[in-house]
Amino acid sequence: MGKSKKYQSVSDFNLDAQLLGFIFKGSGKVKSIRVATDRGVWAIKLEKSLRSELPALQPGDWVRVRGEKTIDFKKGKSKLKAWDILPLADVGKEPIASPAPKKAPVGKVLICQKSSCCKRGAKAVLGALENRIEESQLGDRVRIQKTGCLKGCKRGPNLVVVPDKTRYEKVTPEEAGNLVDRHFGTVSTEE
Ligand code: FES
């Protein structure tokens, strides 16, 4: 487990994925890799020591990538950094998933960040939404949009899920995670 700072969560990840290709630096060295799982496509930066020790790989190979995931709640972004990549054939594991991304609902969550909603916990709700979207790897399909007053300030925190246009009032952080599951159908994580 990594250490977390304020507004940041750092944890280890372990991912079996199909290699799509490499991203090079100006120097010609591999800086990052692109991989696909059944839940989407990811760019993973390589730790410096790994860049010169990368195993012989080709696009299409299945790999096991281990590293560190950093979620920045303030910016609503996350980064993956790999410290270890192994061809799956070397760890004796057959790929079990198709790399084709599953079709899933795409949408947005509009969340009011004006003072009345913030007094009632809208920042914590925003953090919970970002967290659940990140944990469920829905970042490429679900966006969060901070908005001005959505009316109904006394019943805040207020948010609206689109395209359904479903409105939620007095949302708690726990409910925020559940509504992401309900509207965007998260896929269970199997390690
Ligand atoms: S301040 Fe959030 S709805 Fe008005």
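The values are calculated or read from the model by the stated rules, or taken from the named source; none is laboratory data. Given the structure is predicted, the values throughout are model-derived calculations rather than measurements. So basically every Cβ, Gly included, is an ideal-geometry build from the backbone, and we count neighbours across all protein chains shown.
Structure notes:
- Looking across region 47-88, just one residue is more than 15 Å from the chain's Cα centre (by Cα) and touching a residue at least 60 places away in the same chain (Cβ under 8 Å), and that is Leu88.
- Which listed residue, of Val161, Val180, Val142, is crowded, with 17+ Cβ neighbours inside 10 Å and within 16 Å of the ligand (Cβ to nearest atom): Val161
- Filter result for Ile96 (away from the ligand (no atom under 16 Å from the Cβ) and either of a type in the set (Val, Ile, Thr) or modelled with pLDDT of 95 or more (or both)): yes
- Note on region 115-126: residues that are near the ligand (Cβ under 9 Å from one of its atoms) and buried (at least 17 other Cβ atoms within 10 Å of the Cβ) amount to 3.
- If you go through region 142-166 and keep only what is without any contact (Cβ under 8 Å) to a residue 60 or more places away in the chain and either within 25 Å of Val10 (Cβ to Cβ) or aliphatic (A, V, I, L, M) (or both), you end up with Val142, Arg143, Lys146, Leu150, Leu159, Val160, Val161, Val162.
- Looking across Leu129, Leu150, one residue alone is modelled with pLDDT of 85 or more and within 11 Å of the ligand (Cβ to nearest atom). It is Leu150.
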